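The values are calculated or read from the model by the stated rules, or taken from the named source; none is laboratory data. In this text the structure is predicted, and so the values were computed from the model without any measurement. Using ideal geometry, Cβ is built from the backbone for each residue, glycine included, and neighbour counts are taken over all protein chains shown.
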Amino acid sequence: MSSRQTTSDDLRAVAGALRSHDRFLLVTHENPDGDALGSLLAAKLALDALGKDSEMYLYGDAPLPTEYSFMPLDGLRRGAPPEVGDRVLVALDCANESRLGPAPSLLEQASLKIDVDHHHDNSRFGDLNLIVADASSTGEVLRDVLRELGVELTPEIAEALYIALVTDALRLAAELVEAGADVHRVFQGIYESVEFAKLKLLARALDRAEVYEGGRLVVSYLLRSDFTELNAPEAYSEGIIDYLRAVEGASMAALIREPPRREGPARRVSLRSSDDELDVSAIARLSGGGGHRQAAGFSSDASIKEVTRFIHDEFVRATAGA
């Protein structure tokens, strides 16, 4: 069976399950980005339109990135609802089950698990999996699901999908704008509403940036004390790595950060590649992480110096002969 036929069968299976069940728990990964939040909201709005009972849930109490504060996410639960076992769990933009949070109870209790994603290394933890690795975003995959369900693309749904898309790619932009997404409002909310503490955090990361291998690798770090002193939540580190990747001549960038909360891993690492031939998800998987070819990450309890050495060694190994 071809991969295209497999995807079509998976799409019909997921749409069929959404159509035949009535109660859902919509979840996405911790430290969510625009694709995660946009997909979560679009799925909620679509299920509302179908007359379904659905709840949105995000693990943890860390505040959402301020650039998404304009989104109507008032109903987002930070604690899982007690009746999880009576609901179908729909995971959106989660490459693996660990990204839902440390407690395994959600997956254990859910009556049915649906996994909708576009990460090529998705662990396929659902009972039903719709993984489209060549999609620009999970929002794009979800658009196909809604089309299969016959859900009308309202301005509200279109805008949520546009947020999912614009932070990862622009392939569906024309259709979503035509359907009513307010592009100016979305752009202003995401890119023109920067908190001062986020700028100060960026300044510290840029000040510590080091280049290796003739400038082809850029690495920086943020300490727990940076977040504390600047009164900056961890979400403010979102997007900083893109400044590192933008350095002229850089093929790869890495940002190591110590989360302000002490539970969980000591350090989180984001990797970005500017080289189509360099698969940073392969490097991340060596430390139990994953992601896309050009955007990936992992967690570690090793020191910043040790993590930097690991990244440097694997970058050299991955680019040997290039």
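Before moving on, here are some points about what is shown:
- Boolean, G239 is surrounded by fewer than 21 Cβ atoms within 10 Å (Cβ to Cβ), touching a Lys or Arg at 6+ places or on another chain (Cβ under 9 Å) and under 19 Å from R216 (Cβ atoms): no
- Members of the stretch 297-306 that are under 22 Å from Y243 (Cα atoms) and either surrounded by fewer than 16 Cβ atoms within 10 Å (Cβ to Cβ) or of a type in the set (V, I, T) (or both): I304, K305
- Every residue from the stretch 59-83 that is in contact with a strand residue (DSSP E or B) (Cβ under 6 Å, 6 or more places away or on another chain) and crowded, with 18+ Cβ neighbours inside 10 Å: L76, A80
- Taken across the stretch 270-278, residues that are without any contact (Cβ under 8 Å) to a residue 60 or more places away in the chain, of a type in the set (D, E, K, R) and buried (at least 22 other Cβ atoms within 10 Å of the Cβ) do occur, with at least one present.
- A164 vs. criteria small (G, A, S), within 20 Å of T66 (Cβ to Cβ), modelled with pLDDT of 95 or more and not assigned by TED's automatic domain parsing to the domain that holds A253: no
- The stretch 93-135 - residue that is farther than 16 Å from A80 by Cβ and charged (D, E, K, R) and, of those, surrounded by the most Cβ atoms within 10 Å (Cβ to Cβ): D117
- Apart from one condition, V183 fits all of (1) closer than 23 Å to P65 by Cβ; (2) surrounded by 15 or more Cβ atoms within 10 Å (Cβ to Cβ); the exception is (2).
- Which numbered condition S20 misses (of (1) among the small types (G, A, S); (2) under 16 Å from the mean Cα position of the chain (by Cα); (3) modelled with pLDDT of 95 or more): (2)
- Residue list for the stretch 287-296, filter: out of contact with any Phe, Trp or Tyr (no Cβ under 8 Å at 6 or more places or on another chain) and either surrounded by fewer than 18 Cβ atoms within 10 Å (Cβ to Cβ) or at negative phi (or both): H292, R293, Q294, A295, A296
- Yes/no for L37 being within 24 Å of H119 (Cβ to Cβ), modelled with pLDDT of 95 or more and of a type in the set (A, V, I, L, M): yes
- Only one of the listed residues (R171, R143) is at pLDDT below 95 and basic (K, R). That residue is R171.
- Residue in the stretch 220-235 that is within 23 Å of L92 (Cα to Cα), touching a residue at least 24 places away in the same chain (Cβ under 8 Å), in contact with a strand residue (DSSP E or B) (Cβ under 8 Å, 6 or more places away or on another chain) and not small (G, A, S) present: yes
- Number of the exception - E55 against (1) surrounded by 14 or more Cβ atoms within 10 Å (Cβ to Cβ); (2) of a type outside the set (A, V, I, L, M); (3) closer than 17 Å to E238 by Cα: (3)
- Contact map, the stretch 35-53: first residue not assigned by TED's automatic domain parsing to the domain that holds G150, second residue crowded, with 23+ Cβ neighbours inside 10 Å, Cβ cut-off under 6 Å, separation 6 or more or different chains; the map is empty.
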